[in-house]
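Heads up, the thing below is written out as structure tokens.
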Amino acid sequence: MKKKVVSLLLVAAMVTSMGCGSKDSGSANADSGNANAGAGSETPATESSEAGGDAAEAPSDVEKPEEITIMVDGTVFTQENGQAEFIAKLEELTGIKINVTQPDHDAYYDVVGQTIASGEWPDVMILSSTYYSGYASEGVLWDMTEAYENSDLKARQDAYGSTSVIDGVRLDGKLYGMPATRGNGCVTYVKQAWLDACGLQAPTNYEEYLAMLEAFTTGDPDGDGTNGNTYGVSAAGFVGTEAPYINYLPEFYQDANPSFYLADDGTWKDGFTEDSMKAALTRMNEAYKAGVIDPTTLTNGTADCRNKFYDDSFGVFTYWAGTWATNLKTNLEKNDLNGELVALAPIAEVGTYLDRIPPVWCITSTCENPEGVFKYFIETMQDGGDTQFLWTYGVEGVHWSTAGETLFAGTENEKVYEEGTFHMLENKESEGTQYTKAHIDPMLALVELADDPLAVEPEAKASAELFNANCVTADLVPSTDAMTEFNGDLTTLKNTLIANVVMGEKTIEEAYAQFEAEGAQWSQSIVDSLNAQ
Amino acid sequence: MKNNKNQSAVSNNGSRSRLAAKIYKYRGFYLMFLPVFIFAVIFFYLPMLGIRFAFTDYNGIKEATFVGLKHFQKMFSMPNFWSAFTNTLVISVVKLFLTTAAAVVVSIFLNEIINIHFKKVVQTIIYLPHFMSWVVTASVFSLIMAPTAQGLVNTFLVNTGVLTSDSMIYFLGDSKWWRFTYYLINIWKETGWQTVIFMATLAGINTELYEAAAIDGAGRWGKMRYITFPALQNTILTVIILNLAKVMNLFESAFVLQNDAVLDVSNVLETYIYYQTFNSGAIPNYGYTTAVGLFKSLVGCVLVLICNNLSKKIREGRGIV
Amino acid sequence: MKKKKIEIFPIVNGLIFIIVSLIIIVPMWKVIVDSFDLKSAYGMKLWPEQIGLAGYTSVFRNPTLYHPLIISFVTTIAGTFLALTLSTFGAYVLIQWEMPGRNFFANMLLFTMIFQGGMIPTYLVLKSLHLTNTIWVVILFPALNVYNLVLMRNFFEGIPVSLFESATLDGCSPMQTFIRIVLPMSKAALASIGLMFAVTYWNDYTHYKLYITDSNLYNFQMKLRSIIMGSDLPQANNGATENTVKNAAIIVVIIPFMIAYPFLQKYFVKGVNIGAVKE
């Protein structure tokens, strides 16, 4: 026993002594990281003063960078899908040598974090809104406001009506990243065959919507001869895990917002405490009790929902606009069902759908020539011409073609293209499927693309257009200390209360009494911190 | 014999040369341990220098600043920390004992199957669930356990008259049933895999022992009780104590099976921290996560030391390592 | 009385295991059926509605899977060999109870199991050793596994001390004893712990996704995982629904273990007769 303790102590001593002994290497590591980070925090100052000088002397005289390193997620072509050809073509068009680092899509932000910590930053990287605002506030990202305001890109985006999307990613008026597309969001799809079977029209308000759900639940919309073996609507959980949280059941939430939002009067509020939220909870509870919402909504995953939709278990599904419309249709048809879906315009009480905050392309503050990278890399991505075409559809002969040919010959999916017809080619990783886009989804572009073949399926185009015509961008909620401190527990509490109320385990009064007792103070301090900014 | 050696070691005062001689005697073993030592230093001890971040604010960008015990204070003052802590301990310790017990019982009875082909088939089948990822497992079980006509278990219970069709149980969505269901799924998934190590141990039993027992008139139960089970004892102890070190790391299985309605019984430390970071809207503070990691390690360390000392009583003074 | 027991027990025991196996299969049956069913459904089916192999052909005809398959074989074989070497060496040293420093080594290893440095420090160390983005990181990094090492030592403990003593009397060096006595006596241990390592290497994706960004170095598991998990990227497959392909991929992950295990089992079923080794 004693021996054991002694040897344990020895081990501990070894660790600490190693801590001292190799402290040099350890701290050297940290130092090299910090040296870079230090340089990083200095660079923008010097750079921007230079930039200021440049701008004053010769505004258009921005040097083109020779070589840049970019870090991208799986939304850019992978190596298996012709990344080499894509980059070669991009290098040819931009005249910049481009080195790509593309970590696995799932672990992208872990690898970004590690790379930032190692001190060897890429020049450009794609970031989601959370990491974007976090890194911007830590000085990792180059402030591109000035470069953007004077650019042609701004003019092109404004002309295409994309101003609000760019404004949506501003932090305190400043721009640290450039979205390549809109964020996209969800629309409500209804099975046309089910509407026909029940003799209904597409609903335009909540009353009609609810009546439709009831007809779908109690009637026999799938025509299998049994009444009541179907549900109206299903979703992956009663509340989403990411903003906008109401994405999957918007008709019940309507104007309610379970999280923080910027009210019309310019102050931040917690939507959970408001009457609109209580009304939404009442609606969901009643609908759940009536059985029109899938009883296993709580435990559904998104894939579960899709499978239930494909096997005709339910009829109304709020899901991504655009390409997914085609995807839902195809999968329904594979099950020998009618694939026709109505993409519902937001019902009167909903008003608008919500656009997510798009991921952005950022330039790091260690980049040696950020103005050049902005002008010759970021701007060209949305030049409305050849480079944007490349970012939208990829490389001719690899990702798309205009040759006369037959794809998927001999299968039920056979597609014959005449000479001169633009079409996407077969996906190298997934037999029997075509590419749908490169990085920029043509339906979500922020700048008009000249000679856009818009090679998308009609239903995808229809749902995207419907969505674009009926959406507002969700608020980018800034991060504050109080938020970091309390929002985790607060969100957990809110989500639990939502589930409890909807499933009838607690009444609204009980739930809000609990919220007052446990969460109200967190909510208040977050609201205060947001308003104090 | 052991005592003898100890005595001689104590009685000899010229211990230094003795020690040198002993070390020389074992020189070949030191050489064999060298590669293990190098791997341990490079892949475990060098990164362990990062434990110092537990006492700093460090986000991977700016230099780490020393903050003392700030992260620990924050951790302990977090409103739901202690409930997550007890959830973790209860869920993973119960899970550990249940799956190990199940694996031991299955191994002992599997060992009694005479037909080798049947034995092989059974073994292969019960070990396969281990290779299904937790995400897939969760989605399959949320179907099987669903409170609808599609849920196999509820349908079975209704058909056998245990439940009525209005009183179906939402196994994964009801706080009263969640842990039970969780243990059940874990037993389903991991029992077979754990039997691999126990079956290998049983293969090492000297067959002479069974023969001798048979001569002594021991029956099947007697052999199982006096030979098979004691042979497994060491392995059982080792497996349990080694797993105690990792008790606080429970994450994936709880994460994929939990939902908003059952967090009070299912939120473990790792999932709690995950939601904290995920919902905070800020880039993670590695200082904080390292502090949480260090705390978990300390708990694991205490558990291992306690159980190791208990095991010494059974293992004639030797710990499990 | 006793005779009766002997007759009944194997039958009851066999029946119980048949029932247990069936219960174990039920949840997997859902995956198996769905992988052969060209129609996708959420619910459980006894048999595929429209049987077809399109899910599997879609997985196997994917040309980008072959290179990762080679990577998987190479890393699994090399890694398992290296890991078994380290575990047996370490375990053999740990049964030398009288060796000076033995307890220090044991605790040093145990300590690594309990305390970890964290994600970023680990990455920085691997990077400074120039291991990141190379195949070496996925072979070397998981090779030392203290859990398996201690289990191995547990098996070694079962080897009778008399065998070691007679080997030493015969003038065997530690290495010779190791090769002549320890390894031949530990086939079941080598098979089971080798299996555990092989499974770790074959199923590994965490090390790949954290330390490798060159997808030419990805293994089979990484690729299949993206088919199984990448469900939110739109894909409309030609012959099969997304659900069919996904379930086929889940089965493909399991197949190697279905094939490999029965081969290893022969080491588990044979009891060792120590008397025979001694003579």
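The values are calculated or read from the model by the stated rules, or taken from the named source; none is laboratory data. Since we're looking at a predicted model, the values are computed, not measured. Counting neighbours? That spans all protein chains shown, and the Cβs are built from the backbone with ideal geometry, glycine included.
Points worth noting:
- Filter result (surrounded by 23 or more Cβ atoms within 10 Å (Cβ to Cβ), under 19 Å from C:Ile227 (Cβ atoms) and in contact with a strand residue (DSSP E or B) (Cβ under 9 Å, 6 or more places away or on another chain)) within the range A:291-323: A:Arg306
- Hey, C:Thr85 without any contact (Cβ under 8 Å) to a residue 24 or more places away in the chain, among the polar types (S, T, N, Q), under 30 Å from C:Asp214 (Cα atoms) and part of a helix (DSSP H, G or I) or not: yes
- Among the residues making up the range C:140-164, those that are buried (at least 23 other Cβ atoms within 10 Å of the Cβ) and assigned to a helix (DSSP H, G or I) are C:Ala143, C:Val146, C:Asn148, C:Leu149, C:Val150, C:Leu151, C:Met152, C:Arg153, C:Asn154, C:Phe155.
- Residue list for the range A:493-531, restricted to those being over 19 Å from B:Ala84 (Cβ atoms), hydroxyl-bearing (Ser, Thr, Tyr) and crowded, with 17+ Cβ neighbours inside 10 Å: A:Tyr512, A:Ser523, A:Ser525, A:Ser529
- Lone unmet requirement of (1) assigned to a helix (DSSP H, G or I); (2) more than 9 Å from chain C (Cβ to nearest Cβ) for B:Val239: (2)
- Residues that are β-branched (Val, Ile, Thr) and over 17 Å from A:Ile526 (Cα atoms) were ranked within the range B:260-289; the one that is modelled with the lowest pLDDT is B:Ile283.
- Residue pairs whose Cβ atoms lie under 8 Å apart, sitting 6 or more positions apart in sequence or on different chains, and linking a residue in the range A:388-402 that is without any contact (Cβ under 8 Å) to a residue 60 or more places away in the chain to a partner that is of a type in the set (D, E, K, R) and part of a strand (DSSP E or B), are A:Thr402/A:Glu396.
- The residues listed here are A:Ala202, A:Ala193, A:Ala159; of these, the one that is farther than 23 Å from A:Glu349 by Cβ, in the same structural domain as A:Ser234 (by TED's automatic domain parsing), in contact (Cβ under 8 Å) with a residue 24 or more places away in the chain and of a type outside the set (Lys, Arg) is A:Ala193.
- Scanning the range C:177-207 for residues that are of a type in the set (A, V, I, L, M, F, W, C) and without any contact (Cβ under 8 Å) to a residue 60 or more places away in the chain yields C:Ile179, C:Ile181, C:Ala189, C:Met196, C:Val199.
- B:Leu96 being surrounded by fewer than 21 Cβ atoms within 10 Å (Cβ to Cβ), of a type outside the set (D, E, K, R), within 14 Å of chain C (Cβ to nearest Cβ) and in a helix (DSSP H, G or I): yes
- Filter result for B:Leu49 (within 9 Å of chain C (Cβ to nearest Cβ) and either in contact (Cβ under 8 Å) with a residue 24 or more places away in the chain or assigned to a helix (DSSP H, G or I) (or both)): yes
- Qualifying residue in the range A:220-235 (condition: in contact with a Cys (Cβ under 8 Å, 6 or more places away or on another chain), within 14 Å of chain B (Cβ to nearest Cβ) and assigned to a loop (DSSP other than H, G, I, E, B)): yes
- Hey, C:Glu49 outside any helix (DSSP H, G or I), in contact with an Asp or Glu (Cβ under 7 Å, 6 or more places away or on another chain) and surrounded by fewer than 22 Cβ atoms within 10 Å (Cβ to Cβ) or not: yes
- Looking only at residues of the range C:114-139 that are more than 9 Å from every other protein chain (Cβ to nearest Cβ) and among the hydrophobic types (A, V, I, L, M, F, W, C), we find that the one that is surrounded by the most Cβ atoms within 10 Å (Cβ to Cβ) is C:Val138.
- Qualifying residue in the range B:163-170 (condition: closer than 24 Å to A:Thr296 by Cα and assigned to a helix (DSSP H, G or I)): no
- Close pairs from the range C:105-129: first closer than 28 Å to B:Phe29 by Cβ, partner outside any helix (DSSP H, G or I), Cβ under 6 Å, at least 6 apart: C:Ala106/B:Val321; C:Leu110/B:Val321; C:Met113/B:Ala245; C:Ile114/B:Ala245
- Taking the listed residues B:Val262, B:Val239, B:Val268, the one that is in contact with a Ser or Thr (Cβ under 7 Å, 6 or more places away or on another chain), aliphatic (A, V, I, L, M), farther than 18 Å from B:Ser83 by Cβ and crowded, with 21+ Cβ neighbours inside 10 Å is B:Val239, with no other qualifying.
- Residue count for the range C:57-108, restricted to those that are more than 9 Å from chain B (Cβ to nearest Cβ), surrounded by fewer than 19 Cβ atoms within 10 Å (Cβ to Cβ) and either at positive phi or among the hydroxyl-bearing types (Ser, Thr, Tyr) (or both): 3
- Taking first residues from the range A:506-521 that are under 17 Å from B:Ala261 (Cα atoms) and partners that are aromatic (Phe, Trp, Tyr) and assigned to a loop (DSSP other than H, G, I, E, B), no Cβ contact under 9 Å between residues at least 6 apart in sequence or on separate chains turns up.
- Contact map, the range B:197-222: first residue surrounded by fewer than 13 Cβ atoms within 10 Å (Cβ to Cβ), second residue small (Gly, Ala, Ser), Cβ cut-off under 9 Å, separation 6 or more or different chains; pairs are B:Ala212/B:Ala218; B:Asp216/B:Gly222.
- Single unsatisfied condition, A:Val501 versus (1) modelled with pLDDT under 95; (2) within 13 Å of another protein chain (Cβ to nearest Cβ); (3) part of a helix (DSSP H, G or I): (1)
- Identity of the residue in the range B:111-167, more than 8 Å from every other protein chain (Cβ to nearest Cβ) and of a type in the set (Ser, Thr, Tyr), that ends up surrounded by the most Cβ atoms within 10 Å (Cβ to Cβ): B:Thr155
- Pairs meeting the criteria (first residue in the range C:6-22 and closer than 13 Å to B:Asn115 by Cα, second residue surrounded by 10 or more Cβ atoms within 10 Å (Cβ to Cβ), beta carbons under 6 Å, at least 6 apart or on different chains) are C:Asn13/B:Phe109; C:Asn13/B:Glu112; C:Phe17/B:Val122.
- Any hit, the range A:447-457, residues being at pLDDT below 90, in a helix (DSSP H, G or I) and under 22 Å from the mean Cα position of the chain (by Cα): no
- Matching residues, the range A:316-371, being at positive phi, within 14 Å of chain C (Cβ to nearest Cβ) and in contact (Cβ under 8 Å) with a residue 60 or more places away in the chain: A:Gly322
- Sub-8 Å Cβ pairs linking a first residue in the range A:451-480 that is within 14 Å of chain B (Cβ to nearest Cβ) and surrounded by 20 or more Cβ atoms within 10 Å (Cβ to Cβ) to a second residue that is among the charged types (D, E, K, R) and part of a loop (DSSP other than H, G, I, E, B), at least 6 apart or interchain, are A:Ala474/A:Arg356, ordered by first then second residue.
- Conditions (1) assigned to a loop (DSSP other than H, G, I, E, B); (2) more than 21 Å from the chain's Cα centre (by Cα); (3) within 14 Å of another protein chain (Cβ to nearest Cβ); (4) touching a residue at least 24 places away in the same chain (Cβ under 8 Å); number of the one not met by A:Leu281: (1)
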